[in-house]
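What follows is a short report on a single structure.
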Amino acid sequence: MPFNLDTYLQRIDLSDKSNGLPDFRQIQAAQIAAIPFESMFPFLGRVPGVEPVDVWQKLVLKKCGGFCFELNTLFGLALSALGYVTQTVMARVRMGAERGGARTHMAFIVTVDDEEWLADTGFGGQAPVEPVKLGSNQSQTIAGQEYRIRQDEAEGEEVLERLSRDGWYPLYGFDRVPVKAGDIQSATYLCATWNKEPFANSLKAYRRTDDGWISFQDGRARFVSNGITDERQIETFEAFQDFMTSDMGFGYPEADLKAAWVRLQDFRSAKT
């Protein structure tokens, strides 16, 4: 099924909340809130499809989430449908390191009125909810957090950083080398299968809410609301199923959820 903008806007809960068409800032924030970042397919030994038909079926029609290449492929389709000029960029994840490894992330540069913005719906909880303006290393406040883009001349990259209690924390660095479909497909396969990536051997999920966020990692759920955190260990399949379908809003069939739960229990047994 081809991309349909009206259906997409309904999926991200923007169909009745915008006077006219939403802009790219609204789209990014709404998609992050509506479609969670998660690693179910890699955890189950599957490589997610990143063709437009694949992400449309999984993220929109079946109401599941995905990891960066799925989420940003859908985001890119929406930006194109809205007429935005975009450039796909590949990034090296740093997560505090001085430099990154392989190009295992993708994002977009969106140009509006001769200004460039880094737009990204697929990095999970550390990343900004709204796009970050390029062309300056000045701090930008987004949803109560401080971000900036720093030029790293030694690595030939622009680096997205978040201000932490210990100073500026690099999330990822990107360059402007042209990206082809094969680059995205091969990076998706690497992320889904390589044991040095955090997806094949860890079940993660993250969703923004109006007043905080909800996350899951390997059996432990965390609810953050207005700065108050509630953490709990999920002990039964019934609780796991309820969390994934109600709190995360996933449309995965019961067979997939059961398979994920069994694998989580195998991990837990191996640690004891």
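The values are calculated or read from the model by the stated rules, or taken from the named source; none is laboratory data. As the structure is a computational prediction, the values presented were derived from the model and not from experiment. Glycine also receives a Cβ, built like all others from the backbone with ideal geometry; neighbour counts cover every protein chain displayed. Areas reflect the complete protein model, heavy atoms only, side chains present, ligands, DNA and RNA absent. Shrake-Rupley method; radii C 1.70, N 1.55, O 1.52, S 1.80 Å.
Assorted remarks:
- Of everything listed in (1) under 30 Å from ALA200 (Cβ atoms); (2) loosely packed, with under 14 Cβ neighbours inside 10 Å; (3) among the β-branched types (Val, Ile, Thr), the single unmet condition for VAL132 is (2).
- Filtered by the rule that a residue be more than 15 Å from the chain's Cα centre (by Cα) and in a helix (DSSP H, G or I), the stretch 32-51 gives a lone residue, PHE43.
- In this structure, ARG94 does not qualify as on the phi < 0 side of the Ramachandran plot, touching a residue at least 40 places away in the same chain (Cβ under 8 Å), open to solvent by 40 Å² or more (accessible area, probe 1.4 Å) and not β-branched (Val, Ile, Thr).
- For PHE3, the conditions (1) under 28 Å from SER186 (Cβ atoms); (2) open to solvent by 10 Å² or more (accessible area, probe 1.4 Å); (3) free of Cβ contacts under 8 Å to residues at least 24 places away in the same chain; (4) touching a Leu at 6+ places or on another chain (Cβ under 7 Å) all hold with the exception of (3).
- Here ALA29 clears all of (1) under 18 Å from ALA119 (Cα atoms); (2) assigned to a helix (DSSP H, G or I); (3) touching a helix residue (DSSP H, G or I) at 6+ places or on another chain (Cβ under 8 Å) except the condition numbered (3).
- Selection from the stretch 191-224 of residues that are open to solvent by less than 50 Å² (accessible area, probe 1.4 Å) and at pLDDT below 90: GLU197
- Subset of the stretch 215-233 [under 17 Å from GLU38 (Cα atoms) and either more than 22 Å from the chain's Cα centre (by Cα) or among the basic types (Lys, Arg) (or both)]: ARG220, ARG222
- Condition check for PRO22: buried (at least 24 other Cβ atoms within 10 Å of the Cβ) and farther than 18 Å from GLU197 by Cα: no
- Of the residues ARG207, ARG263, ARG268, the single one that is touching a helix residue (DSSP H, G or I) at 6+ places or on another chain (Cβ under 9 Å), of a type in the set (Lys, Arg), touching a residue at least 24 places away in the same chain (Cβ under 8 Å) and not in a strand (DSSP E or B) is ARG263.
- Residues in the stretch 102-126 that are free of Cβ contacts under 8 Å to residues at least 40 places away in the same chain and either surrounded by 19 or more Cβ atoms within 10 Å (Cβ to Cβ) or over 13 Å from ARG25 (Cα atoms) (or both): PHE108, ASP113, ASP114, GLU115.
- Any hit, the stretch 174-186, residues being among the aromatic types (Phe, Trp, Tyr) and in a strand (DSSP E or B): yes
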